[in-house]
Every structure is written in C-alpha cells, then in structure tokens.
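**Student:** Below you'll find the structure I mean.
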Amino acid sequence: MSRTIYWGSLVLSLSFLALPLLLVLPLAFNTSSFLIYPMEGFTFRWFAEVFGQATWTSAIMNSIRVALGAMVLAVLIGGLAATGAILTGRVAQVLLSALFVSPLVIPSIVVAVAFAYAFGRAGLSGSYLSLMLAHAILGAPLVFLSVLTSLRGLDPALDQAAASMGASRLHRFRHVTLPLAAPGFLAGALFAFITSFDEVVVALFLAAPESTTLPIALFAGLRDRLQPTIVVVALMLSLVSLAFLLVLGWMQKRTATSRQT
C-alpha cells in the first residue's frame, strides 16, 4: 500500500510539473506564427529567428555575462562566509545562516526596489556591475548553504591533523578543506549561475536597454506578441536548467562514492 501511495504521489507530482511544459514546448517547432493547436507543420525556423535577431542574441550574451560575474562574486562571498561560520559555535552558525538566507526570504519586489534606490544613489543604475552585484547577493545565500552543508560533513580530525604537523590555516584550507568541500562550492556556483540566469524581477528594475537580459526579453515578448520564438527561448531555459540538474545529480553521486571509499 505504501509503495502504491509513493508511486502515485510521484506520478501526480511529475505530471503536475511536466505536463504544462510538454503541452507548450512542441509549439517551438510549429510552422504557424501563432501558438495554436493542432500544429500545422514541423520547422526549425523559429530557432533560426531567435539566433538571427540581435534582440535575442544580445539578451542571451548579456545573461551569460551577468550570470558568470554574479556566480564568481557569489562563490567568493558565500564560500568565505560559510568557511568562517563553520569555525564558530552552533548559536553563531544559526544567526549567521539566518542573516545570509534573509535575501531569499524578503519578497523580490522589495529587494528590487532597494537595489534600484541604492545603485541609483551610487551611480551604478543600468550598468552590468549593478546587475552582477544584485544577482550575486541573491546567489550568495545558496552558495553559503551549499558550502556550509559540505563543510559540516567533513571530519574535523583531518584539519586538526594538518594543524598538528605545522600547517598554517591558509595552507590547511587550500590543501585539505577546499578539495574535500569542492562539491559544495561547485553546487553553490551552479545554483548561483542559474539563479542569475533566470532572475527577472530585480533585472527589470536595474537593467538598461543595452544590458537587457534574456528573461526581460522573454517578458517583453509575452507582453507584445505571442510567437513561437518565445517558446524557443523557454525551451532553451528549460534545457539549461535540466543540464544543471543532471550535473548536480552527477556531483552528488560522485561525492557519495568518494566518501564511501
């Protein structure tokens, strides 16, 4: 009975999540210029149009550029914060975790207005740097939690053994802690990248016409005219998310195997 409930719940959950995508994504290959069923034919025309229009290609490159910069900053901020937090007591870890998770708890519209005001006062509004910094702040909590979880799974005796042999704290971090906690850093980096790549609310408040990201271009396309190019972009975003999930699953399996050996 329990297996029936488990598989039934799993099938219903997957159907609820995947069915809308399965219904919409085939329209990316429809010959019609409208999002209609039944499909009139099969074509790759809309893919060529997405990669041939400067609006879409510029938005894609902007999203990649901003996401890479935000990922690097988020890994530095969240990773170093988690490394320092693991050395504190349990109460301090709880307080620091609550502090770093707070950007995820506050509504996105409130964070976006705060960023727009702060970067506007600093003269950074509309720049790539403002988007990178804002997305890094949103991605840092994910890096922090990922690295902190990875560090908690390490045996503290390894660091103590290296310290007893005269290794400095920096040397221990580079040659002992960092290699063992690398899956946590990599997972956090992936989460930070995909968070920045998909983020739209904060970007709407900060982006200028020349720094328009892909989610903003997608939002504008939904508002102006529904065409299969929008579905093509949605398909690309779905494939990117799926690729990151597969990489995360592979990393988790590799980490579990290495710890068992």
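**Student:** Longest segment of the chain with no chymotrypsin sites (Phe, Trp or Tyr not before Pro) in a DSSP loop having at most 12 other Cβ atoms within 10 Å?
**Tutor:** Details: sites that count: F34, F44.
With chymotrypsin sites (Phe, Trp or Tyr not before Pro) excluded where exposed in loops, the chain gives 45-261 as its longest stretch.
**Student:** Divide by every residue of the chain the summed helix terms, -39500 (n - 2.57) for each DSSP H run of at least 4, and state the resulting mean residue ellipticity at 222 nm, rounded to the nearest 500 deg cm²/dmol. List each step's numbers first, then the result.
**Tutor:** Details: 12 runs with 203 residues, N = 261.
Calculated at 222 nm, the ellipticity per residue is -26000 deg cm²/dmol.
**Student:** Now, a different point. Please list, in order along region 40-54, the HN-Hα scalar couplings obtained from phi with the Karplus expression 6.51 cos²θ - 1.76 cosθ + 1.60 (θ = phi - 60°), rounded to whole Hz, x for Gly and Pro.
**Tutor:** Taking θ as phi minus 60°, the curve returns 7, x, 10, 7, 9, 4, 6, 5, 5, 5, 5, 7, x, 8, 4 Hz for region 40-54.
**Student:** Assuming R0 = 41 Å, what is the FRET efficiency of S102 and S32, from their Cβ-Cβ distance, to the nearest 0.05? Write down the numbers at each step before the final one.
**Tutor:** Working: r = 47 Å, r/R0 = 1.14.
Rounded to the nearest 0.05, the efficiency is 0.30.
**Student:** Sticking with this structure for a sec: At R0 = 45 Å, how high is the FRET efficiency between R152 and E40 if r is their beta carbon distance? Nearest 0.05 is fine.
**Tutor:** Numbers: r = 56 Å, r/R0 = 1.23.
Plugging the Cβ-Cβ distance into 1/(1 + (r/R0)^6) gives 0.20.
**Student:** Hey, another quick one. Rounded to the nearest 0.05, what FRET efficiency do F47 and R90 give with R0 = 45 Å and r taken as the Cβ-Cβ distance? Could you check? Please report the intermediate quantities before stating the final value.
**Tutor:** Numbers: r = 52 Å, r/R0 = 1.16.
Approximately 0.30, to the nearest 0.05.
**Student:** With the alpha-carbon atoms as the only input, what is the per residue convex hull volume for the chain in Å³?
**Tutor:** Numbers: hull volume 48.6 nm³, N = 261.
Each residue corresponds to 186 Å³ of Cα convex hull volume.
**Student:** Turning to a different aspect of this structure: Can you tell me the 0 to 90 degree angle between the C-alpha axis of helix 228-260 and the longest principal axis of the chain, rounded to 10?
**Tutor:** Here the helix axis deviates by roughly 20 degrees.
**Student:** Let me ask something else. If each of L22 and A118 carries a label point 7 Å out from its Cα toward its Cβ, how far apart are those two points in nm?
**Tutor:** Here the answer is 4.3 nm between the modelled labels.
Each reported figure results from applying straightforward, stated rules to the coordinates on display, with no laboratory input. Note that the coordinates shown come from a computational prediction; the quantities given were computed from them, not determined experimentally. Neighbour counts are summed over all protein chains in view; Cβ atoms, including those assigned to glycine, are modelled from backbone coordinates with ideal geometry.
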